């Protein structure tokens, strides 16, 4: 029988080379994933809705979330619970003004999308990123998207995040406070409490956050939004009370065409001081 010559040294060298290649590929993949996240963060930071946000008045909310989130050490305060420990918010904390703007938008998306099914959350995120990139005058982000091929993994990460519990203190968490009842969120609001139905049909929009959550992130000049469910109302309340986005109007005389949108909510109980009343 012929003897088999085995070059152990050559085999070991090949194994080492393979390990180096695998490590390089792994590193390149990690870098690509991080670049994908940065593209998504950048898109959120330039979303058009951010330009329409302003500090809410005392009549609209007891906490100026928009300004508080802009502070350098905001997420280390007990005010925001464990939001600052979230991996995405950790990354955003290192990105200066871009990160500040992105975290405002990301928290808003978390609230709007939290109770939605997975596919609707994905739709909400992809629409938000798409709307932002389409308005990007620099155009660099679109180039990055083409180079990366896709930002799907980064988007899937955010979908999973939005599905998880908001890491806010109970008294500031719209979904886990004592006054929130999940079983009620799909209940319809009484039509007779919604004055905007008196308007011509072309001047109002029946808003259901479960059907089209992106409505709140786009401007509507000519139509008043009418929330169809308690969950839809909660989303409107969060936008107006905590970020000064949009305006709640209680009659035609209050409609302001210079606002991002106008919405017709039922009257709030005067005894409630919670930032997001859910007793409708």
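General observations
- Residue that is surrounded by the fewest Cβ atoms within 10 Å (Cβ to Cβ), among those in region 201-214 that are in contact (Cβ under 8 Å) with a residue 24 or more places away in the chain and over 20 Å from residue 184 (Cβ atoms): 214
- Residue match in region 74-88 (condition: in a loop (DSSP other than H, G, I, E, B) and either more than 26 Å from residue 170 (Cβ to Cβ) or modelled with pLDDT under 70 (or both)): yes
- Residue check for residue 230: under 22 Å from the mean Cα position of the chain (by Cα), free of Cβ contacts under 8 Å to residues at least 40 places away in the same chain, under 24 Å from residue 53 (Cα atoms) and not assigned by TED's automatic domain parsing to the domain that holds residue 52: no
- With respect to the conditions (1) modelled with pLDDT under 95; (2) buried (at least 21 other Cβ atoms within 10 Å of the Cβ); (3) more than 14 Å from residue 189 (Cβ to Cβ); (4) in contact with a strand residue (DSSP E or B) (Cβ under 6 Å, 6 or more places away or on another chain), residue 247 lacks only one, and its number is (2).
- Near pairs, Cβ below 6 angstrom, 6+ apart or cross-chain, from region 240-252 (assigned by TED's automatic domain parsing to the domain that holds residue 220 and under 19 Å from residue 107 (Cα atoms)) to any residue that is part of a loop (DSSP other than H, G, I, E, B) and at pLDDT 90 or above: 240/246; 245/260; 246/260; 246/261
The values are calculated or read from the model by the stated rules, or taken from the named source; none is laboratory data. Treat the numbers as computed from the prediction; the structure is a model and nothing was measured. Note that we place each Cβ from the backbone using ideal geometry, even for glycine, and neighbour counts take in every protein chain shown.
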